[in-house]
Amino acid sequence: MRNPSYLGFAVGPALVAVGVLTLGSVVVWATGTIPTSPLYAKVGPKVFPYAIGIGLLLLGLKLLWEARGQGWACEATDPNEPALNLSSLGWIAGSFALGTALIGSIGFILTATLVFVGAARSFEARSWLRSILIGFLLVLLAYFGFTRLLGLRMGEGFIESLI
């Protein structure tokens, strides 16, 4: 199947490339608006967002370059390839959505544990209890790393108030 083209570019791939370029431009622009203190010597809060924005711009340019002519080659799907598992997609998307909705009320530790359990379930973890325990321990480790070592405040909730 041939991609429709306009001005020598395949329309679909060119639109994707323009979208990535737009996103990269917005990230670079928004990073420039982050207020910074003169106390930062070289590495401040703008370094990684700028790196991501520049990476998106480079990716967008590469995609636009590849959109010339017929655009990206579409290969026939492999008949042995498994079908999309909508159950797994639902578990991970649902756990992220639920976590986003609950982080303000139940805090970081319980929310991140919930998201971990949803992600584990999406990968067909068999034991709920094991997923909860592993997730809780990993989240506690991350919480102490962020709060004690880096001095960053995480979402406050029931468990965080006990610590």
Q: Scan region 115-140 for residues that are in contact with a Gly (Cβ under 8 Å, 6 or more places away or on another chain) and among the β-branched types (Val, Ile, Thr) and jot them down.
A: Val115, Val117
Q. Before we move on, is Phe136 touching a residue at least 24 places away in the same chain (Cβ under 8 Å), loosely packed, with under 13 Cβ neighbours inside 10 Å, under 29 Å from Leu86 (Cβ atoms) and aromatic (Phe, Trp, Tyr)?
A. no
Q. Looking at region 97-104, is at least one residue at pLDDT 90 or above, part of a helix (DSSP H, G or I), more than 16 Å from the chain's Cα centre (by Cα) and surrounded by 16 or more Cβ atoms within 10 Å (Cβ to Cβ)?
A. no
Q) Going through region 2-34 one residue at a time, which ones are exposed (fewer than 10 other Cβ atoms within 10 Å of the Cβ) and either at positive phi or modelled with pLDDT of 80 or more (or both)? A) Leu7, Gly8, Thr33
(Q) Can you say whether Arg121 is farther than 26 Å from Leu89 by Cβ and either open to solvent by less than 30 Å² (accessible area, probe 1.4 Å) or in contact with a Ser or Thr (Cβ under 8 Å, 6 or more places away or on another chain) (or both), as far as the supplied structure shows? (A) no
Q: Would you please name the residue that is modelled with the lowest pLDDT, looking only at residues in region 66-75 that are out of contact with any helix residue (DSSP H, G or I) (no Cβ under 8 Å at 6 or more places or on another chain) and either surrounded by 13 or more Cβ atoms within 10 Å (Cβ to Cβ) or under 30 Å from Thr33 (Cα atoms) (or both)?
A: Gln70
Q: Would you mind telling me which numbered condition in (1) over 24 Å from the mean Cα position of the chain (by Cα); (2) outside any helix (DSSP H, G or I); (3) in contact (Cβ under 8 Å) with a residue 12 or more places away in the chain Glu124 fails?
A: (1)
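The values are calculated or read from the model by the stated rules, or taken from the named source; none is laboratory data. What you are looking at is a predicted structure, and each value in this text was computed from that prediction instead of being measured. Note that each Cβ is placed from the backbone with ideal geometry, even for glycine, and that neighbours are counted across all protein chains shown. Surface areas here come from the heavy atoms of the whole protein model, side chains and all, with no ligands, DNA or RNA. Shrake-Rupley method; radii C 1.70, N 1.55, O 1.52, S 1.80 Å.
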